[in-house]
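The values are calculated or read from the model by the stated rules, or taken from the named source; none is laboratory data. Owing to the predicted nature of the structure, the values given are computational and were not obtained by experimental measurement. Note: ideal-geometry Cβ built from the backbone for every residue, glycine included; neighbour counts use all protein chains shown. With ligands, DNA and RNA removed, areas are computed over all heavy atoms of the protein, side chains included. Shrake-Rupley method; radii C 1.70, N 1.55, O 1.52, S 1.80 Å.
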Amino acid sequence: MKDLAVLGHLFVAAFMFHFASYMVIPAITDVTMDAVCPGRDECSVAIYLSGFQSAITGMGALVVTPIVGNLSDKYGRKALMTLPVTVAILPLFILACNRSKVYFYVYYVVKVLAGIFCEGSMHCLLLAYVADQVGARRRAAAFGLLSGVSAAGFVSGTLTARFLQTSTTFQVAAAVAAATAIYLRAVVPDSGGANSFVDEACDPFLQGSSCSAATSSSSSSDEEISPRLPPHKGGVPSLSDMVSLLTGSLTLSGAAIVTFFYSLGEHGLQTALLYYLKAQFGYSKDEFANLLLIAGAAGMLSQLTVMPVLARFVGEDILLIIGLLGGCTHVFLYGIAWSYWVPYLSAVFIILSAFVHPSIRTNVSKSVGSNEQGIAQGCISGISSFASILAPLIFTPLTAWVLSETAPFKFKGFSIMCAGFCTLIAFIISMRMRAGQSGASEKLAIVQHEQA
C-alpha cells in the first residue's frame, strides 16, 4: 500500500504537469498567427517557425534525454524531474503577461530552450520511476495507467481552455505549472539508484501477493536482469554505450526502429495538422479544442480501461500491432478528410493507437536491468526526439508547399498522407519482427523436443 501511495503522488504530479502543458495548445496557433501574420488564415512563416522550433527542440532533446535518464539512475528520479518541471514554467509565464509580437518572440526563444529539457525528459523519468515501483509482469498495465493519467491531464487542460479567454488560459497554465514544481518537491518521494529494485512478490499492482516471499523468490525473479552496460565512472554515457545497449538485444533494436518510424509519422502529423485544418476547413481555437478534447478523451479511456484489461490476456507485441494498425487508420483518415466532421471521426481511432508507446516502453523496460531503466528509456526517448528533428525538416516545407496558392495539385492533405506512410512502415516492421520471433520460437521448440 505504501508503494501504491507513492505511485499515486507521482500520478498527481504527472497530471498537473500535462494539464499545464496541454491547455495552451488550442490557443497557441491563433497566438502565433496573430503575432506573425495578423488577419490571415494561411501563413507559411508561422508554419516554418513551428517546424524550426520542433527541429531545434528535438535536436537538443536527442542529446539531453539519455543523459538525464542515466543521471537519474545514479542520483534518483525526483532530483532530475525537478529540472523539466521548473523550466516549463518560464514560457507560460511570458505569454501570461502579454501576447504582443515582442512577447511572442521572447516566448518563442524561451520555449525552444525549455523544450530541450522538457520534451522527452519528463516522460522518460516518469516511466523509469514507475519501473522502479512495479514488477515486470504488471508493467504494461502500469505504463498504460501512467499514459492514461497524462491523457487525463491533456483532456482536462483542453476542456478548461475551451471555456477560458486566451489571456486567462496562459495565466492558469503558468499557475498550475508552478504548483506542480512545488508538489513534486514537497510530496513525491524519491526513487531510483540502488534502492529501485522491486520484487514481484511486493508489487502493489499484484493483488493477493505476499511480501514475505520476496527473499525466496528474488533469485528467480524476472526483475533481475544482468546489466548490459559496465558501470560509468562519470555521469554521462557515451554514444557507444547507448548504441551497445540498443543493439545488444533484438527486442531493444526492434523497439528503436519501430519508435523511429512511428514517431516520424506522429510528429509529421503534429507539424501539419493544425495548419492543414485551418486552411482546409477554417478551424479556429474552439474547433481545435474540440478535436483535441476528443483525441485526449479517447486516449485516456483506452489507457485507463481498455489497455489494462487487454494486457491481462495478450502480450505487449499483440497490443503494439493493434495500436500501430489503429495509428495508421487515424493518420490516413486525416489526410483524406472530405468534410469538417471527418477529423473528429479520425480522432476516435486514438483508442487503438494509444497502445503503441506503452507497449514499446514495456518491452524496453523488461529487457534491461533495474539500474538501467533511466538510460534505456532515455535512449528510446532520444530516438523519438531524433524523429521529431527530421519531421519538421521534411513536413514543414511540404505542408507549406501543398497549402500555398502555387501548389501543383489540389490535395491539402498530401503531407499528412506522407506521415501516414511512415506509420505504415512501423506497422510492417512490427509484423515482420513478430513473424520472425514466432519462427524462432518454433525452431527452438523443435530442437528441445528432439533433444528430449
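Residues in the stretch 291-305 that are open to solvent by 50 Å² or more (accessible area, probe 1.4 Å) and out of contact with any Gly (no Cβ under 6 Å at 6 or more places or on another chain): Ile294, Leu301, Thr305. Within the stretch 402-449, being of a type in the set (Gly, Ala, Ser) and either surrounded by 15 or more Cβ atoms within 10 Å (Cβ to Cβ) or modelled with pLDDT of 80 or more (or both) holds for Gly413, Ser415, Ala419, Gly420, Ala426, Ser430.
Here's the yes/no breakdown for (1) at pLDDT below 85; (2) open to solvent by 10 Å² or more (accessible area, probe 1.4 Å); (3) over 30 Å from Pro308 (Cβ atoms):
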site	(1), (2), (3)
Ala88	no, yes, no
Leu92	no, yes, yes
Ala96	no, yes, yes
Ser121	yes, no, no
Gly135	yes, no, no
Gly148	yes, no, no
Gly157	no, no, no
Ala175	no, yes, yes
Leu184	no, no, no
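The single condition from (1) closer than 18 Å to Thr166 by Cα; (2) modelled with pLDDT of 80 or more; (3) open to solvent by 50 Å² or more (accessible area, probe 1.4 Å) that Val12 fails is (1). All of (1) surrounded by fewer than 24 Cβ atoms within 10 Å (Cβ to Cβ); (2) part of a helix (DSSP H, G or I) hold for Leu164 with one exception: (2).
I need the full set of residues from the stretch 17-37 which are modelled with pLDDT under 80, under 29 Å from the mean Cα position of the chain (by Cα) and open to solvent by less than 30 Å² (accessible area, probe 1.4 Å), in order please.
Start the filter on the stretch 17-37 by keeping residues that are modelled with pLDDT under 80, which leaves 26, 29-30, 37.
Those left that are additionally under 29 Å from the mean Cα position of the chain (by Cα): 26, 29-30.
Correct list: Pro26, Thr29.
Only one entry in Leu301, Leu319 is in contact (Cβ under 8 Å) with a residue 24 or more places away in the chain and closer than 25 Å to Ser249 by Cα, namely Leu319. Would the stretch 38-50 turn up any residue that is crowded, with 19+ Cβ neighbours inside 10 Å, in contact (Cβ under 8 Å) with a residue 24 or more places away in the chain and over 25 Å from Ala272 (Cβ atoms)? No, there is no match, as no residue in the stretch 38-50 is crowded, with 19+ Cβ neighbours inside 10 Å, in contact (Cβ under 8 Å) with a residue 24 or more places away in the chain and over 25 Å from Ala272 (Cβ atoms).
Applying the selection to the stretch 374-420, what residues are polar (S, T, N, Q) and touching a Phe, Trp or Tyr at 6+ places or on another chain (Cβ under 7 Å)?
Scanning the stretch 374-420 gives Thr396, Thr399, Ser415.
Of all residues in the stretch 335-371, those that are open to solvent by 10 Å² or more (accessible area, probe 1.4 Å), in a helix (DSSP H, G or I) and over 21 Å from Ile429 (Cα atoms) total 6. Residue count for the stretch 43-69, restricted to those that are modelled with pLDDT of 80 or more, polar (S, T, N, Q) and more than 23 Å from Met16 (Cβ to Cβ): 1. For the residues Ala114, Ala128, Ala141, the requirement of being assigned to a helix (DSSP H, G or I), assigned by the TED database to the domain that holds Arg77 and under 21 Å from Pro189 (Cβ atoms) singles out Ala128.
Under 18 Å from Gly378 (Cα atoms) and either at pLDDT below 85 or crowded, with 20+ Cβ neighbours inside 10 Å (or both): is that true of Ser72 in this structure?
Values: under 18 Å from Gly378 (Cα atoms): yes; either at pLDDT below 85 or crowded, with 20+ Cβ neighbours inside 10 Å (or both): yes.
Answer is yes for this residue.
When the residues of the stretch 257-288 are filtered to those that are in contact with an Asp or Glu (Cβ under 9 Å, 6 or more places away or on another chain) and charged (D, E, K, R), which remaining residue is nearest to Thr423 (Cα to Cα)? Break it down into steps so the answer makes sense when it comes.
The first filter runs over the stretch 257-288 and keeps only residues in contact with an Asp or Glu (Cβ under 9 Å, 6 or more places away or on another chain), leaving 275, 277-279, 281-282, 284-285, 288.
Restricting the remaining residues to those that are charged (D, E, K, R) gives 278, 285.
On the way: Lys278: 24, Lys285: 28 Å.
Once the filter is applied, the top-ranked residue is Lys278.
Residues that are modelled with pLDDT under 80 and open to solvent by 10 Å² or more (accessible area, probe 1.4 Å): does the stretch 254-269 have at least one?
First pass over the stretch 254-269, keeping only residues modelled with pLDDT under 80: none.
No, the stretch 254-269 contains no residue that is modelled with pLDDT under 80 and open to solvent by 10 Å² or more (accessible area, probe 1.4 Å).
In the condition set (1) assigned to a helix (DSSP H, G or I); (2) under 20 Å from Gly413 (Cα atoms), Asp317 is compliant with all but (2). Thr399 meets each of the listed conditions (1) assigned to a helix (DSSP H, G or I); (2) over 22 Å from the mean Cα position of the chain (by Cα); (3) surrounded by fewer than 22 Cβ atoms within 10 Å (Cβ to Cβ) apart from (3).
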